[in-house]
Amino acid sequence: MENIKPIIETKNLTKRFDKLIAVNNLNISIHEGEIFGLLGPNGAGKTTTLSMLATLLPPSEGSAFVHGFDVEKEPSKVRHSIGFVFQDPSSDDLLTGRENLYLHALMYGVEMHDINQKMDDVLKLVDLTDRQNERMKRYSGGMRRRLELARGLLHEPKILFLDEPTLGLDPQSREHIWSYIKKLSTERKVTIILTTHYMEEADQLCDRLAIIDHGKIVALDTPAKLKKSLGGDVVTLRTKDPDLVAVKKLHYVLDLKQEGDQVMLTVDNAGTHLQEILKKIGNVESVESRSPTLNDVFLHFTGREIRDHGSEGGTFERMITSRRK
């Protein structure tokens, strides 16, 4: 894959708003057919990154190439190469699903003799053929997201940007959206870049994943390799007066963090060493041992859990959405 020219490439891509650095020296290479994820909390710079790649925001510094086109010098060529599904559905509630698709096709210059066939194809892809003539206001949240996906694919883009594609959906609708995204990648060879703060979504969907925090990438690899990088099992103990000094001396304890009365350890071969840890640490109320998750990876690289939402960049990401409306 290293010898194949990337379909998206950024070099020191940076976006500043006054004194705030929303995206800080971003360097990524994404290859054709990949599902590439940006995982991070609200305000981490994910939407700002997509907006620069989609030519909605100009970079402050650095460069970005999408499908071989410079986002600053060749924006129209970039836009014809991409589809974009925003966080908030932007279709017209008073129109039917098919009417919304038709308007979008006209906006993107789809040939008139192709429009009906293309609409039929994307409606079938997202299982909305039977509901295409109903007004959007009758659509559930999951149906709206599926129509947004269909709309983003009408002009057959090589690249699809998905900004929090399952935000606010119930678990069943979320899994349905995941299946459509996988189908786009495997059957249509569409390159997909998605933002998310859902760990399970990142783990299930992404071929590779960049953990982004405060506008910087702090880790980038496959989900499996990111979890493996922690080097051991995760042991969580609840204890009020732990002897952390004694535990830190154990050579198989690779990492240690404490939050209140919880102590979280990364342990090489926890099954073998758990008894000794319990003896060293003192009185323990409860203990849990498991394999690492992406949440553990995020905690390891950022020092906090993803539920701790920051404000960096969030105001401006919301501004981008409001301008689009």
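Annotations
- Every residue from region 252-279 that is exposed (fewer than 12 other Cβ atoms within 10 Å of the Cβ) and over 19 Å from Pro292 (Cα atoms): Gly260, Gln275, Lys279
- Highlighted here are the helices (runs of 4 or more DSSP H) found entirely within region 124-213 that include at least 3 residues which are under 23 Å from Gly43 (Cα atoms): 199-205.
- For Glu61, the requirement of being closer than 26 Å to Lys137 by Cα and in the same structural domain as Glu148 (by TED's automatic domain parsing) is not met.
- The condition of being more than 16 Å from the chain's Cα centre (by Cα) and buried (at least 18 other Cβ atoms within 10 Å of the Cβ) holds for Ala105.
- For His113, the conditions (1) under 25 Å from the mean Cα position of the chain (by Cα); (2) surrounded by fewer than 18 Cβ atoms within 10 Å (Cβ to Cβ) are fulfilled apart from (1).
- Exactly one residue out of Glu201, Glu175, Glu156 is among the acidic types (Asp, Glu) and at positive phi: that is Glu156.
- Subset tally (residues that are among the aliphatic types (A, V, I, L, M), out of contact with any Ser or Thr (no Cβ under 8 Å at 6 or more places or on another chain) and either part of a helix (DSSP H, G or I) or under 17 Å from Leu153 (Cα atoms) (or both)) for region 69-101: 3
- Residue match in region 11-32 (condition: within 21 Å of Leu154 (Cα to Cα), surrounded by fewer than 20 Cβ atoms within 10 Å (Cβ to Cβ) and in the same structural domain as Arg145 (by TED's automatic domain parsing)): yes
- The number of residues in region 168-199 being more than 20 Å from Ile28 (Cα to Cα), touching a residue at least 60 places away in the same chain (Cβ under 8 Å) and either buried (at least 16 other Cβ atoms within 10 Å of the Cβ) or within 10 Å of the chain's Cα centre (by Cα) (or both) comes to 2.
- Residue match in region 36-45 (condition: buried (at least 17 other Cβ atoms within 10 Å of the Cβ) and part of a helix (DSSP H, G or I)): no
- Flag for Asp88 being assigned by TED's automatic domain parsing to the domain that holds Ala150 and free of Cβ contacts under 8 Å to residues at least 60 places away in the same chain: no
- Within region 216-231, the only residue that satisfies the criterion of being basic (Lys, Arg) and in a strand (DSSP E or B) is Lys216.
- Some residue of region 80-96 being aliphatic (A, V, I, L, M), more than 22 Å from the chain's Cα centre (by Cα) and surrounded by 14 or more Cβ atoms within 10 Å (Cβ to Cβ): yes
The values are calculated or read from the model by the stated rules, or taken from the named source; none is laboratory data. Model, not experiment: these values are computed from the prediction. Glycine also receives a Cβ, built like all others from the backbone with ideal geometry; neighbour counts cover every protein chain displayed.
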